[in-house]
Amino acid sequence: MSVKEKIYDWKERLKDRHMLSIIIVAIIIIAIMGLYIYKKQREYRQVSENAYNYAFYELVNYIEEVEVYLAKSLISTTPEHGAETLMNVWRDANLASTYLAQLPINVEGLSNAQKFLNQVSEYSYSLANKNINNEELKQKDLENLEELHDYSVELKNTLNQLSNDINEGNISWGELDKKGTVAFAQEVSNLSSQSFSNIEENFHEYAGLIYDGAFSEHLTNPKRKGLTGSDISEEEAKKIVEKFFGKENFDEINSNGFSENGNIPSYNFSIKLKNGDDNNYASMAISKKGGHIVYMNYNREIGNEIITMEDANKIGLEFLKDKGYNNMKETYYMKQNGILTVNYAYNQDDVIIYPDLIKLKIALDSGEVLGMETTGYLNSHEKRKIENPKITREEAKKNLNDKLKISSEKLAIIPTEYKTEVLCWEFKGRIKGNDFLIYINAETGKEQDILVIIDTPNGTLTM
């Protein structure tokens, strides 16, 4: 049969409805399979993208930790604290290296960064062992740590720039996977091969974010010393909520039940405020024991900022005084989206008591207090018997790094990770462009803790 006849025969068969149906079904099956494969490919790309994003942001987090701990290692003067800090560098550098290896980039800049992290890890481990054996670090060791810190700042800044480009959609992990040599090389231009080769040449062996307030990670206390008074009923708790807001300022209060397993057992309420968003309720928790405010929070759109941060702080202090919290002093703050979050610590006899912390959220368009959180205060507050320090201010200064330029000094009580408290001399100072808070134990004279202060346009942070 000729080709022409075959084509004619195929056309004749198409006229048969049965054959036409088979062809249509086949086309539909092919289309469905194509869509299924496309969907699976998209899902696979999304899973890969999510995995890369997770690895990248973990990398950025650990690089920031490495930079902070290296900064702390430069100012530490005791072997015990120095060993702890350097072991943290070793741990976080290893974790950063692990996440870096998971990214789809295979270029010179990446291998240099990997080399840097490996050498930071090994060198910090070596120096930590010196400290553990009560060996003092030599001047060369400190110079090496300082150089490593400088490189860690460069790497952190580079990764932050890459993070911005990814967040803004200027570059994707898919592009990095396909064109990594060009894209990443541009991002790591400030981390030259020469810089990393210098590290390799020099080294053959080889800081808590105070957004929630100083020492916020240690503010829980099973004794809940500030939780005073007798148990109250839910109806009594509701009356406390009514008094807090004022009956003229809300339409209704609804109970959200009792939370028994939280840090502080409490009654929870939602409050529909007048002149507010019908779909947006304020929330509030009242402790069962004593009827204390555990937290209050309300979110709304913020208008133009007309309240200064200084005035907002005064509003916060007046608010606390009105609610029965006296002798509070502002410590650290953060401004975001027109809202100022201020951390207030209790002040007793000119000694700042960091465990007794209350946080307020203040709107800068009106000065309205939109949020309150008292967990630290309720866990720790009591009238303390503060002994005279055995170590004088001048004696404590002798244990500071000689290069520290002191700007303020005072007594403070700080919490420890072991749920205890310790009286310290707090020295605020600067070394080589970095601000620090150094705490010297007022009983033993030993270095108790070091925090790095970070001043940003939006607030004061510490690590």
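The values are calculated or read from the model by the stated rules, or taken from the named source; none is laboratory data. Note that the structure is predicted; figures quoted are calculated from it, not measured. Quick reminder, even Gly has a Cβ in these numbers, built from the backbone with ideal geometry, and neighbours come from all protein chains shown.
Among Asn379, Asn399, which is the only one that is among the polar types (S, T, N, Q) and within 24 Å of the chain's Cα centre (by Cα)?
After applying the criteria, what remains is Asn379.
Quickly run through the range 293-318 and pick out the residues that are of a type outside the set (Ser, Thr, Tyr), out of contact with any Lys or Arg (no Cβ under 8 Å at 6 or more places or on another chain), under 23 Å from Tyr267 (Cα atoms) and crowded, with 18+ Cβ neighbours inside 10 Å.
Correct list: Val294, Met296.
Pick from Arg393, Arg384: which is more than 19 Å from Ser76 (Cβ to Cβ), buried (at least 16 other Cβ atoms within 10 Å of the Cβ), out of contact with any Gly (no Cβ under 8 Å at 6 or more places or on another chain) and at pLDDT 90 or above?
Arg384
Can you say whether Ile362 is in the same structural domain as Phe319 (by TED's automatic domain parsing), part of a strand (DSSP E or B), touching a Gly at 6+ places or on another chain (Cβ under 8 Å) and not acidic (Asp, Glu), as far as the supplied structure shows?
When the stated conditions are applied, Ile362 passes them.
Being modelled with pLDDT of 85 or more and not in a strand (DSSP E or B) is the filter; apply it to the range 403-435 and report the residue that is farthest from Gln348 (Cα to Cα).
Among those that are modelled with pLDDT of 85 or more and not in a strand (DSSP E or B), it is Lys403.
So which residues in the range 281-292 are among the hydroxyl-bearing types (Ser, Thr, Tyr) and under 12 Å from Asn268 (Cα atoms)?
Ser283, Ser287 - these are the residues of the range 281-292 that are among the hydroxyl-bearing types (Ser, Thr, Tyr) and under 12 Å from Asn268 (Cα atoms).
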